[in-house]
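The values are calculated or read from the model by the stated rules, or taken from the named source; none is laboratory data. Just so it is clear, the model here is predicted, and its values are computed rather than measured. Quick reminder, even Gly has a Cβ in these numbers, built from the backbone with ideal geometry, and neighbours come from all protein chains shown.
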C-alpha cells in the first residue's frame, strides 16, 4: 500500500490578498518539488472531501461555524483579524482541509493506507473551539483526532505539533482530555505568546529559545516528547506539521534544516511503529519560505513513504 496524499484544488482558491505569506503558491511549490523528486509517484493521490458539520462540531462550537459563514463575502475580502482574511472561496477551502484530515484517518484506520499526508490549506492549529485566528479557520488536525475517537473508537490518540508557532487552538480543544496526548514544540516569546506552563497533565510543551537551532530541538524532543509518547502508547499519531522553523523562513528564528525535520519525522515513525502499526496522519500547518517549505515537507513525506 502507498501513503495517501490528500489535497484538492479548492485549497488553492482561498486567498488573503496580495503578498500574504499564507498563499496558494505554498501548495504549488510543494507539489512541484515532490514531482521533481519523484515522490508523487510513490503516493496514492486522494481528493479531499469537504468536512461535514458533524465532524466540525466535534471540535468547534456552532456559533463559530455560523459566524464564519456570515463573514464570507460574495467578492473581494473580509477580515477576521489583523492577519487573517477571507475571500468567497475560504469556507470551501477550509472545509476541504478539515475534510482531508478526517478522511485520512478513515483511510489509515481502515487499512487502505499505511499512513497519510494532507497537503492542504488553510492551516488549522490556531483555530480553537470558539473561533479562528493566525491564518486558521478549522482545526484540521483536531478534526482528525476527533474522527479517530468518535468514529473508530480509539482510546489513545497523540496529537504532535511542530511549528515555529504554538498550536494554541489545539491546546484549547484537548487540554484535560485524557484520551489525547498533545505534544507541542515552538519558539518561545512568539505568536500566540503563551507561557511555558502546561495547562493540563495531557499537554507536553517544549518551547525553544530563538536561534537555538536543531540540536536544541532534538534534545527537547528526546527529553520531553519521546518518553511521554512511549508511556502513552498511542493507537494513532496525528501530526500538525509546520515547516516555518526552517532557517530560511522569516516567520520565526529557530534555525532548523531539512535534516532536523527528517530526524523528527523518524522519531515519530519509530513511536508509531512501536505502538500502533506505523499509523500516522500528518496535516500541513505553517511554512512560508516556498523553497524551504517544499524541501522540508518532502523530507517529512519521504519518511512516511519509506516506512
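Any idea which of 20, 33, 60 is touching a residue at least 24 places away in the same chain (Cβ under 8 Å), farther than 21 Å from residue 143 by Cβ and not in a helix (DSSP H, G or I)? Outline the logic, then answer.
Values: 33 fails: not in a helix (DSSP H, G or I); 60 fails: farther than 21 Å from residue 143 by Cβ.
One residue alone meets the criteria, 20.
Looking at (1) surrounded by fewer than 24 Cβ atoms within 10 Å (Cβ to Cβ); (2) modelled with pLDDT of 95 or more; (3) farther than 19 Å from residue 229 by Cβ, which is the only condition residue 102 fails?
The one condition residue 102 does not meet is (1).
Answer yes or no as to whether residue 91 is outside any strand (DSSP E or B), out of contact with any strand residue (DSSP E or B) (no Cβ under 6 Å at 6 or more places or on another chain) and surrounded by fewer than 24 Cβ atoms within 10 Å (Cβ to Cβ). Give the derivation first.
Details: outside any strand (DSSP E or B): yes; out of contact with any strand residue (DSSP E or B) (no Cβ under 6 Å at 6 or more places or on another chain): yes; surrounded by fewer than 24 Cβ atoms within 10 Å (Cβ to Cβ): yes.
Judged against the criteria, residue 91 is a match.
Do we find a residue being over 28 Å from residue 191 (Cα atoms), touching a residue at least 40 places away in the same chain (Cβ under 8 Å) and not in a helix (DSSP H, G or I) anywhere in region 279-297?
Of all residues in region 279-297, those over 28 Å from residue 191 (Cα atoms) come to 279.
Narrowing the set further to residues that are touching a residue at least 40 places away in the same chain (Cβ under 8 Å) leaves 279.
If we keep only those that are not in a helix (DSSP H, G or I) as well, we get 279.
The answer is yes, given that some residue of region 279-297 is over 28 Å from residue 191 (Cα atoms), touching a residue at least 40 places away in the same chain (Cβ under 8 Å) and not in a helix (DSSP H, G or I).
Looking at residue 10, is it within 22 Å of residue 108 (Cα to Cα) and in a helix (DSSP H, G or I)? Break it down into steps so the answer makes sense when it comes.
Values: within 22 Å of residue 108 (Cα to Cα): no; in a helix (DSSP H, G or I): yes.
In short, no.
So how many residues does region 239-253 have that are assigned to a loop (DSSP other than H, G, I, E, B), buried (at least 24 other Cβ atoms within 10 Å of the Cβ) and touching a helix residue (DSSP H, G or I) at 6+ places or on another chain (Cβ under 7 Å)?
2
I'd like to check something: does region 67-87 contain any residue that is surrounded by 23 or more Cβ atoms within 10 Å (Cβ to Cβ) and on the phi < 0 side of the Ramachandran plot? Before the answer, list the steps.
Of region 67-87, the ones surrounded by 23 or more Cβ atoms within 10 Å (Cβ to Cβ) are 86.
Narrowing further to those that are on the phi < 0 side of the Ramachandran plot: 86.
Among the residues of region 67-87, at least one is surrounded by 23 or more Cβ atoms within 10 Å (Cβ to Cβ) and on the phi < 0 side of the Ramachandran plot, which makes the answer yes.
Identify, please: which residue in region 163-182 is touching a residue at least 60 places away in the same chain (Cβ under 8 Å) and over 14 Å from residue 142 (Cα atoms) and is, among those, nearest to the chain's Cα centre (by Cα)? Reasoning before the result, please.
Just the residues of region 163-182 that are touching a residue at least 60 places away in the same chain (Cβ under 8 Å), to begin with: 163-165, 167, 170, 173.
Adding the requirement that they be over 14 Å from residue 142 (Cα atoms) leaves 163-165.
Numbers: 163: 9, 164: 12, 165: 12 Å.
Here the answer is 163.
Applying the selection to region 229-238, what residues are in a helix (DSSP H, G or I), touching a residue at least 40 places away in the same chain (Cβ under 8 Å) and either buried (at least 23 other Cβ atoms within 10 Å of the Cβ) or out of contact with any strand residue (DSSP E or B) (no Cβ under 7 Å at 6 or more places or on another chain) (or both)?
Step one: of region 229-238, the residues in a helix (DSSP H, G or I) are 229-232.
Now narrow it down to the ones that are touching a residue at least 40 places away in the same chain (Cβ under 8 Å): 229-230, 232.
Passing the criteria: 229, 230.
Can you name every residue in region 51-80 that is within 21 Å of the chain's Cα centre (by Cα) and either at pLDDT below 95 or within 19 Å of residue 10 (Cβ to Cβ) (or both)?
Filtering region 51-80 for residues within 21 Å of the chain's Cα centre (by Cα) gives 51-61, 64-65, 68, 80.
Within region 51-80, 51, 52, 53, 55, 56, 65, 68, 80 qualify.
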